Amino acid sequence: MDIWAHLCSSVVRFDLDTPVLTVHQTISDVRGSYYQEKTVFLRCTVNSNPPARFVWKRGNTPIEQSKDNGVDIYEPLYTQGETKVLKLKNLRPKDFANYTCQVSVRNVCSIEDKSVTFRLTNGTNYTPNPNINLTV
């Protein structure tokens, strides 16, 4: 019996909750009305044991911070649960897309990956999802 099989059958609780996504947008005027910066923060939070691995996707493609200077991915300080933030800086046309936060415990104890998806649009149409919180 390998170590994971032993641990999975023991009293240790291994689990991965459905992630919760919080969306926050900031709009700041710079130099009057000539330039307006819009930044969107997507915060993905999950409770898991063992710790989860996060993957952010735009559409079906994983986002790599090193290949896109319009995004930052980071862990905020002082948060409850495990959290990763995707910051979309100075929104570009390609940023209006579906975003998915996928969390994984790497199939420990046969626990499957979970995800939550949000469609960022430049309109006001929004379909409520209990795992997505919108803040301004």
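Numbers at a glance
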read-out	value
Residue satisfying condition, being part of a strand (DSSP E or B), out of contact with any helix residue (DSSP H, G or I) (no Cβ under 9 Å at 6 or more places or on another chain) and farther than 21 Å from D15 by Cα, within set K94, K87	K87
Tally, over region 43-70, of residues that are open to solvent by less than 60 Å² (accessible area, probe 1.4 Å) and touching a strand residue (DSSP E or B) at 6+ places or on another chain (Cβ under 8 Å)	13
Residue in region 67-84 that is modelled with pLDDT under 80 and either more than 18 Å from the chain's Cα centre (by Cα) or among the aliphatic types (A, V, I, L, M) (or both) present	no
Residue pairs meeting the criteria (Cβ under 6 Å; at least 6 apart or on separate chains; first in contact (Cβ under 8 Å) with a residue 60 or more places away in the chain and on the phi < 0 side of the Ramachandran plot, in region 45-62; second part of a strand (DSSP E or B) and open to solvent by 40 Å² or more (accessible area, probe 1.4 Å))	V46/E82
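The values are calculated or read from the model by the stated rules, or taken from the named source; none is laboratory data. Bear in mind that the values here come from a model prediction, so they are computed numbers and not experimental data. Quick reminder, even Gly has a Cβ in these numbers, built from the backbone with ideal geometry, and neighbours come from all protein chains shown. The area values use the complete protein model at the heavy-atom level, side chains included, leaving out ligands, DNA and RNA. Shrake-Rupley method; radii C 1.70, N 1.55, O 1.52, S 1.80 Å.
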